[in-house]
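Structure record follows, encoded as structure tokens.
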Amino acid sequence: MTALLAARDLAFTYPAPEGAGPPFGLADVSFDVRAGEVLGVIGPNSAGKTTLMRLLTRVLAPAAGTLALDGRPLGALPRAEVAREIAVVPQDLPAGLPFTVEALVLMGRYPHGPGRFFESAGDRAIAREAMALTGVDGLAGAIVGALSGGERQRAALARALAQRPRLLVLDEPTAHLDLRHQVETVALLRRVNRERGVTVVLVSHDLNLAAELCDRLLLLAAGRVARLGTPEAVLDEALLRRVYGCDVAVETTEGGRPAVRVRWPADAARR
């Protein structure tokens, strides 16, 4: 696979409030996102996952290092072009959005015609297809701010799919979903990846979701790369204990994927 997105020696540091101790940042982060793969970004709280996602989507600019999309410096590309190539699904949408679901999804078409005042018939057809794929077509006229968390998440995914991106970046895509919609979302992401060739970067706290869905995992710890590789290589018991600071067991599912189980303190007493 060729690299769609390449990061080399990325560094970024947030300014620290006075008296708050050393500032947090990323340092020496290098990896490729291969065209057509699903890459999972995992790690404990304050590992740098959200910061990395913001760098990949140009919300933040790196203090050092390079980011390239198809060999072109990401920072040099017009924002409309970046938006045509990369779509983002945040963990949640801002509260109280006054737009209908249909209007929200149509916003995903803006990068393809930033000078237009109205959507074309083609835009509306693409938006309807995205809403049907994510199961929110029946909510087209509903106000986004009145939806449940899971419905908002699926509407945000529909908006991203309406962009027709090559790279889809998702922040905790199943955080607000019940079990049925988690399963449906995983199936949808697999279909989008395999049938449409969309490359996916998935930021998640759910190690088992990441192991099930991702081709490779990037494990961050304290702003640095702890390991990059297949789920089997990254979800190593000793490594996870060191990074997460708790006792875990890694087992193998019927499908041959690793599954992480926390060994709770009471487990020892029950044995």
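Please count how many residues of the range 4-35 are at pLDDT 90 or above and either buried (at least 17 other Cβ atoms within 10 Å of the Cβ) or under 23 Å from residue 79 (Cβ atoms) (or both).
Initially, the range 4-35 is screened for residues at pLDDT 90 or above, giving 4-13, 26-35.
Then keep just the ones that are either buried (at least 17 other Cβ atoms within 10 Å of the Cβ) or under 23 Å from residue 79 (Cβ atoms) (or both); that gives 4-8, 10-12, 26-27, 29, 31-35.
Result for the range 4-35: 16.
Testing residue 176 on (1) outside any loop (DSSP other than H, G, I, E, B); (2) in contact (Cβ under 8 Å) with a residue 60 or more places away in the chain; (3) not acidic (Asp, Glu), one condition comes back false. Which one is that?
The one condition residue 176 does not meet is (1).
Among 87, 76, which is small (Gly, Ala, Ser) and free of Cβ contacts under 8 Å to residues at least 24 places away in the same chain? Let's see the steps before the verdict.
Values: 87 fails: free of Cβ contacts under 8 Å to residues at least 24 places away in the same chain.
It is 76.
Could you tell me how many of the residues in the range 236-271 are hydrophobic (A, V, I, L, M, F, W, C), at pLDDT 90 or above and part of a helix (DSSP H, G or I)? Break it down into steps so the answer makes sense when it comes.
Initial filter on the range 236-271 (hydrophobic (A, V, I, L, M, F, W, C)): 238-240, 243, 246, 248-250, 259-260, 262, 264, 266, 268-269.
Applying the additional criterion that residues be at pLDDT 90 or above yields 238-240, 243, 246, 248-250, 259-260, 262.
Filter once more, keeping what is part of a helix (DSSP H, G or I): 238-240, 243.
Residues flagged as hydrophobic (A, V, I, L, M, F, W, C), at pLDDT 90 or above and part of a helix (DSSP H, G or I) within the range 236-271 amount to 4.
Could you identify the single residue in 226, 156, 233, 210 that is closer than 26 Å to residue 10 by Cα, among the small types (Gly, Ala, Ser), within 15 Å of the chain's Cα centre (by Cα) and not in a loop (DSSP other than H, G, I, E, B)? Let's see the steps before the verdict.
Working: 226 fails: within 15 Å of the chain's Cα centre (by Cα); 156 fails: closer than 26 Å to residue 10 by Cα; 233 fails: within 15 Å of the chain's Cα centre (by Cα).
Matching residue, one of 226, 156, 233, 210: 210.
Do you know which residues across the range 104-118 are closer than 17 Å to residue 87 by Cβ and surrounded by fewer than 19 Cβ atoms within 10 Å (Cβ to Cβ)?
So the first thing to find is which residues in the range 104-118 are closer than 17 Å to residue 87 by Cβ, and the list is 104-114.
Answer for the range 104-118, where residues must be closer than 17 Å to residue 87 by Cβ and surrounded by fewer than 19 Cβ atoms within 10 Å (Cβ to Cβ): 107, 110, 112, 113, 114.
Taking the range 70-103 only, how many residues are of a type outside the set (Phe, Trp, Tyr), touching a helix residue (DSSP H, G or I) at 6+ places or on another chain (Cβ under 6 Å) and at pLDDT 90 or above? Spell out the reasoning first.
Taking the range 70-103 as the starting set, the residues that turn out to be of a type outside the set (Phe, Trp, Tyr) are 70-98, 100-103.
Cutting the leftovers down to touching a helix residue (DSSP H, G or I) at 6+ places or on another chain (Cβ under 6 Å) gives us 80, 83-84, 87, 89, 93, 96-97, 101.
Keeping just the survivors that are at pLDDT 90 or above gives 83-84, 87, 89, 101.
The number of residues fulfilling the criteria is 5.
Within the range 239-249, can one find any residue that is at positive phi and touching a residue at least 40 places away in the same chain (Cβ under 8 Å)? Let's see the steps before the verdict.
The first filter runs over the range 239-249 and keeps only residues at positive phi, leaving 245.
With the extra rule that they be touching a residue at least 40 places away in the same chain (Cβ under 8 Å), the set shrinks to 245.
Yes: one or more hits.
So, in the range 128-184, of the ones that are crowded, with 17+ Cβ neighbours inside 10 Å and in contact with a His (Cβ under 6 Å, 6 or more places away or on another chain), which residue ends up modelled with the lowest pLDDT?
Of everything passing the filter in the range 128-184, 150 is modelled with the lowest pLDDT.
Could you please find all residues in the range 90-111 being more than 20 Å from residue 200 (Cβ to Cβ), within 21 Å of the chain's Cα centre (by Cα) and outside any helix (DSSP H, G or I)?
94, 95
For the range 234-242, state whether one or more residues are crowded, with 17+ Cβ neighbours inside 10 Å, under 26 Å from residue 36 (Cβ atoms), in contact with a strand residue (DSSP E or B) (Cβ under 6 Å, 6 or more places away or on another chain) and of a type outside the set (Lys, Arg).
yes
The values are calculated or read from the model by the stated rules, or taken from the named source; none is laboratory data. Please read these numbers as outputs of a predicted model, since none were measured by experiment. Neighbour counts run over all protein chains shown; Cβ positions are idealised from the backbone, glycine included.
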